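The values are calculated or read from the model by the stated rules, or taken from the named source; none is laboratory data. Because the structure is predicted, anything quoted here is derived from the model rather than measured. Please note that ligands, DNA and RNA were not included when accessible areas were found on the heavy atoms of the full protein model with its side chains. Shrake-Rupley method; radii C 1.70, N 1.55, O 1.52, S 1.80 Å.
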Amino acid sequence: LRKKEKPWTKEWKLTKLRHRERESGVVRTMMDTEKLEDLKHFVELCKENPSILQNPSLTFFKSFLESLGAQVPPLVKSEQGGEEHHDELDEDIIESDVELDNTDIVEPDNDPPQQMGNFTSEVTDENRDAAQISKAKALDAISEGKLDEAINYLTEAILLNPTSAILYATRANVFIKLKKPNAAIRDADAALKVNPDSAKGYKVRGMARAMLGLWKEAASDLRVASMIDFDEEIAEILKKVEPNAHKIEEHCRTYQRLREEKKLRKIERDSQRRQAEQKVANLKSKKKEQQSEHEASDPDSASDLNYGKIVGIHSVSELEMKLNAVSKASRLAILYFTATWCGPCRFISPFYTSLPEKYPKVAFLKADIDEARDVASRWNVSSVPAFFFIKNGKEVDKVVGADKNSLEKKIAQYAG
């Protein structure tokens, strides 16, 4: 017959096996399925938005990753003072120079503004005729190369007839010959104010802007002038102006496209960050709800012990529930039996009531032997006040009588 194994033999073998595992450094970590799913979800969030790891509450996890050789992307300050994940999109777009033909560009003239007439004044026939005479003298001076003299005659004509667009445009053309583009632009603006359809006004202003290197604006004016009254001179000027204008326009389109692409990528990145933050918030909310549901559904929850307060006991089942919760938390419970008619109880009760604040990790229970007779009977209470010290579901000590010193000494002994 096979010898029957003694009951304690199996337990001894398991104890020995656990001891060997501890000696060999074997650590077994048990995780339930729900916790594993939460961990997987958190890792996915980190992949989508590594900046989550910069959250101060995750410093421990970040340090752990870095200890394994991982590199956590740093954060940089945004313009608003907040923190953002560093990205090449945050770099400024530095525009390169455009190679242009600037051979005929001149230095801007800074002379005081020339005299202008009053656009709203009424011009008499006499003044109009006198203006024509001054204009004729100016044209003669231009043909002789006396440009400063021509300017003086044209200024006289403008003051006599300030409502003539052609006079302003003619003087502007002389300023072009004198290499004074700013003065020419002022006269061209005046001519276009008098007559918005002045081809010569657009033409002269386009020429002046080209002299200043304002290629896009020059091309725009010259194109309008060509549509109003085309001439060969405008066509010749456009042959030089338009290539520079096209280069600038293409340059602007390129960098505008880059800025738009940067803006769109930033919007997309911000959206992804907000989604990741929302997922984290939802996960935290879900865990909080689950914890609340667990505490509400678990009668043995430690939150029901009301640490820091005296908990009244009225039945054996209620006491067992509280002691089970204390046992799960591996804490000390003190069960105090008292009675309303007991003098020593009235003496010690205020002192007992003050103890929870001093020992917040101890569960202080209280039962009246007249109200909870079944509890008193279960614990064989024969005298009050009586204090039972309970740890891990077992009575470890007791104090009978109103001995404050002995009571607190034992609390300090077992609470640690």
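Some points to look at:
- Amide H contacts of Leu332 (H built 1.01 Å from N, in plane; Pro and chain starts excluded): Ala363 sit under 5 Å, all sequence-distant by 5 or more or on other chains.
- For the set Asp125, Asp270, Asp111, the ranking by accessible area, highest first and with no ligand, DNA or RNA atoms included, is Asp125, Asp111, Asp270 under a 1.4 Å probe.
- Taking θ as phi - 60° and the Karplus parameters 6.51, -1.76 and 1.60, the scalar couplings of the stretch 118-132 work out to 8, 4, 8, 6, 8, 9, 7, 4, 4, 5, 5, 5, 5, 5, 5 Hz in sequence order, x denoting glycine and proline.
- Accessible surface calculations at 1.4 Å, restricted to protein heavy atoms, place the stretch 304-403 at 50 Å² per residue.
- The share of C-alpha pairs in the stretch 125-261 whose separation exceeds 23 Å stands at 40 percent.
- Tensor-based shape of the stretch 300-416 (alpha-carbon gyration tensor, a/c under 1.5 rounded, otherwise prolate or oblate): oblate
- Protein accessible area in the stretch 356-416, 1.4 Å probe - carbon and sulfur %: 42 percent
- Solvent-accessible surface of the stretch 247-287, averaged per residue with a 1.4 angstrom probe and all protein chains in place: 74 square angstrom.
- When only Cα pairs below 8 angstrom with a gap of at least 6 residues are kept, the stretch 96-210 shows a relative contact order of 25 percent.
- Taking one quarter of the surface of the convex hull spanned by the alpha-carbon atoms of the stretch 157-200 gives a direction-averaged projected area of 2.7 nm².
- Chain lengthening between Lys179 and Arg378 when straightened (0.36 nm per residue, less Cα-Cα): 60.0 nm
- Area accessible to solvent at His314, 1.4 Å probe radius, in Å²: 110 Å²
- Largest accessible area first, the listed residues Met211, Met227 line up as Met227, Met211 when surface is computed with a 1.4 Å probe on the assembled protein chains.
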